[in-house]
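Asks: Before I ask anything, here is the structure I am working with.
Derivation of every value follows stated rules applied to the coordinates shown; laboratory data play no part. Computed from a predicted structure; not experimentally measured. No Cβ is skipped: glycine too gets one built from the backbone with ideal geometry, and neighbour counts run over all protein chains shown.
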Amino acid sequence: YTSLTILLSLRCKHLHERLSRQMFRQTQHVISQQTSIKSLLEQYTPSRFGEIGKDNLVMEEFPVVTMLFCSFDKDSVEKYSCMHNTHDFFAAVVGIFLDFDDLLESTKLYKLENVGTHYIIASSVVTTGIVPSDPDTPEVRTEDAVALVELATEMVAMSDANQKINTMVGGGAMHLK
């Protein structure tokens, strides 16, 4: 009876240690994932929000935001997809989007995201957080509209000048919606 008790006791200790190690590994994995998520949030959240953490939740409403949507011509994308390696096309698109990111650095405009062949930008109110007392004034809308049009013009010129992408899609260019 004593040897059975000892054997069961050892077996329980072994299971306990095994479960403890599994929980430790899972906890470390969760901490690693939380760190990655926090890093991504800090990278893509406007700096005016400061450090992102559980005590610093970010949610805002902007009554007036001007948006710019930029996309590759769908016919050109479809034409290319039938004729060439899709990986090469998207590698070229990413190169253009990185150039667009460089253009944005000199503005107060805010890149919301790029998905596939789409690039989305918001007006300066998102980065500055400054909402005018009367956002419906023509001056407020004009300033952001002019900045977005100037940026769009530079983006179109930059994408048209990119010989690699134009050769790939048979001269297809960016168009703005």
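Asks: Can you give the direction-averaged projected area of the convex hull of the alpha-carbon atoms in segment 65-114, in nm²?
Replies: For segment 65-114, averaging the hull's shadow over all directions gives 4.1 nm².
Asks: Another question, then. Cβ neighbours within 10 Å, averaged per peptide: list 20-30, 104-114 in order, most packed at the top.
Replies: 104-114, 20-30
Asks: Could I ask something else about it? Take residue 43 and residue 154, extend 7 Å from each Cα along the Cα→Cβ direction, and tell me the distance between the two endpoints in nm.
Replies: 2.3 nm
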